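J.: Please find one structure pasted underneath; my questions will follow.
Please treat every number below as a calculation from the coordinates, not as lab data. Given the structure is predicted, the values throughout are model-derived calculations rather than measurements. Here Cβ is always computed from backbone atoms with ideal geometry, including for glycine, and neighbour counts include all displayed protein chains.
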Amino acid sequence: MLILFIGFVAVVAFMGWIYWPQIIGAGWSPTPMEKVKKMLKMAEIEENDVVYDLGCGDGRIIVAAASRFGARAVGIEADPLRFLFSWLRVKLCGLGDKVKVIWGNFFSYNLADATVITVFLSHEANSKLKEKLQKELSPGARVVSYYWLFHGWKVIKFDPVHQLYMYRIGD
């Protein structure tokens, strides 16, 4: 009986882990590492940049921004399990001095110190996010989106093979 109970709890926990992002409106599909590298190169990340990954999932973009480019990075993740995974990844990589992971809804945080924003969200999320980014980011800040466009913004750089779009605030 105990084994059945433990199995049931494991299945429920696993299903919660899989479906929780959809419940809160933050689906999760990790950005392939090849695209992560291309996104960060496209944005021309430098050591003085502050890279924000909105919906950071497992932390792969913020870890890459800090470890490969020397930038400071901030990840914001609404899903508590993915937040913990991302936080652990940052700690295990020894990047705690350069990378911060925040648990919460990125719409609730001021993004003004970001010089680069990376996103792999949805059409709806990008549409809601546009005004916030225009209001909070400084002119010249770069926004790189994987797959989904920011309709109405001028694409500065485009990688059709990897479906990456870069925008510059103020352009």
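J.: How large is the dipole of the chain about the Cα centre if only Lys and Arg carry +1 and Asp and Glu carry -1, each at its Cβ, rounded to the nearest 20 debye?
T.: Working: 20 positive and 16 negative charges, 34 e Å.
The dipole of the chain has a size of about 160 debye.
J.: Around ASP53, which amide H atoms from residues at least 5 apart in sequence, or from another chain, sit under 5 Å from its own amide H, with H modelled in the peptide plane?
T.: Amide H to amide H, under 5 Å and 5 or more residues apart or across chains, ASP53 pairs with VAL74, GLY75, ILE76, THR118.
J.: Can you tell me the length gained on complete extension of the stretch LYS135 to ILE6, counting 0.36 nm per residue apart and subtracting the Cα distance? Don't skip to the end; give the middle numbers.
T.: Numbers: separation 129, 0.36 × 129 = 46.44 nm, distance 4.90 nm.
Between LYS135 and ILE6, full extension yields 41.5 nm more.
J.: Next up: Restricting to the chain, what percent of DSSP beta bridges are antiparallel, rounded to 5?
T.: Numbers: 8 of 26 bridges.
Just about 30 percent of them are antiparallel.
J.: Please give the contour-minus-distance gain from GLU46 to ASP113: 0.36 nm per residue of separation, less the Cα-Cα distance, rounded to one decimal in nm.
T.: Values: separation 67, 0.36 × 67 = 24.12 nm, distance 1.48 nm.
Length gained, GLU46 through ASP113: 22.6 nm.
J.: May I ask you to evaluate 6.51 cos²θ - 1.76 cosθ + 1.60, the Karplus curve with θ = phi - 60°, for each residue of region 30-47 and list the ³J(HN,Hα) values in order in whole Hz, giving x for glycine and proline?
T.: Couplings: x, 6, x, 4, 4, 6, 4, 4, 5, 4, 5, 5, 4, 7, 6, 4, 10, 4 Hz.
J.: Also, I was wondering about something else. Relative to the longest principal Cα axis of the chain, at what angle does helix 123-136 sit, 0 to 90 degrees, rounded to 10?
T.: 50 degrees
J.: Using DSSP to define loop residues, name the GluC sites (Glu not before Pro) in region 71-171 whose beta-carbon has at most 13 other beta-carbon atoms within 10 Å. Walk me through the numbers on the way to the answer.
T.: Working: sites: GLU77, GLU124, GLU131, GLU136; in loops: none.
Passing both the DSSP loop test and the Cβ count: no residue.
J.: ASN105 label point, 7 Å along Cα→Cβ, cut-off 13 Å on backbone N: hits in region 127-171?
T.: What the label zone holds, given the 13 Å backbone N cut-off, is 129.
J.: Right, here's the next one. Angle check, please: helix 2-23 long axis (alpha carbons) against the longest principal axis of the chain (alpha carbons), in degrees 0 to 90, nearest 10.
T.: The two axes meet at around 20 degrees.
J.: Specify the angular offset, from 0 to 90 degrees and rounded to the nearest 10, of the alpha carbon long axis of helix 80-92 from the longest principal axis of the alpha carbons in the chain.
T.: Its long axis makes an angle of about 70 degrees.
J.: A further question follows. Over region 26-168, what is the relative contact order in percent, taking alpha-carbon pairs closer than 8 angstrom and at least six residues apart?
T.: Values: 277 pairs, mean separation 32.1, N = 143.
Worked out over region 26-168, it gives 22 percent.
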